[in-house]
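Okay, so here's the structure we're looking at.
Please treat every number below as a calculation from the coordinates, not as lab data. Every value quoted in this text rests on a predicted model; they were computed, and no experiment measured them. Reconstructed Cβ throughout: ideal geometry from the backbone, glycine too, with neighbour counts over all protein chains shown.
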Amino acid sequence: MSSINNYGVDMNDKTLAELSFSAVKELSDEVAATCSGGNVSLFRDKNFQGGGITFSGSDANLANNNFNDATSSIIITGNQRWRFYKNANFKGSSVTLGPGRYRSVAQGVNDSITSIKRIS
């Protein structure tokens with residue numbers, strides 16, 4: 001029996017390099033970003049007023065959450081960037097924003113966001 005840090009972990013006489021870790025798998029960029037923390041909160045009015053909704057991952061159609069073309073201010077936490085699209089399914093013109101508090105989104109974006117994508 002081998003031991004790791006004197007805890008008596010049974011490695012069946014294999015080295016760490018020889019072990020198979022079937023429970024470990026590659027994560028998609030979005031899943032990895034979600035695990036790393038952070039989210040985006042969208043608000044109906046300027047200055048984070050009027051009710052809001054928070055996401056930790058992408059949403060292809062904000063209409064499904066009754067938030068289509070409703071965003072006037074945004075808070076992004078964590079270290080990820082988010083892309084905001086005019087149309088559903090990540091189509092149409094878009095704006096990318098990083099972490100921060102956006103009390104009022106720019107003309108052309110205000111009340112016109114339909115889908116959002118978390119990007120690294």
* Asked: What size of dipole, in debye to the nearest 20, comes out for the stretch 28-119 about its Cα centre when the only charges are +1 on Lys and Arg C-beta atoms and -1 on Asp and Glu C-beta atoms?
  -> 200
* Using 7 Å Cα-to-Cβ label points, what is the LYS46/VAL95 separation (nm, one decimal)? -> 1.3
* Structure fact -> Net charge (Lys, Arg +1; Asp, Glu -1) of residues whose beta-carbon lies under 11 Å from that of PHE48, PHE48 excluded, is +3
* Structure fact -> Total charge of the residues flanking ALA70 in space, meaning their Cβ is under 11 Å from its Cβ, with Lys and Arg +1 and Asp and Glu -1, is -2
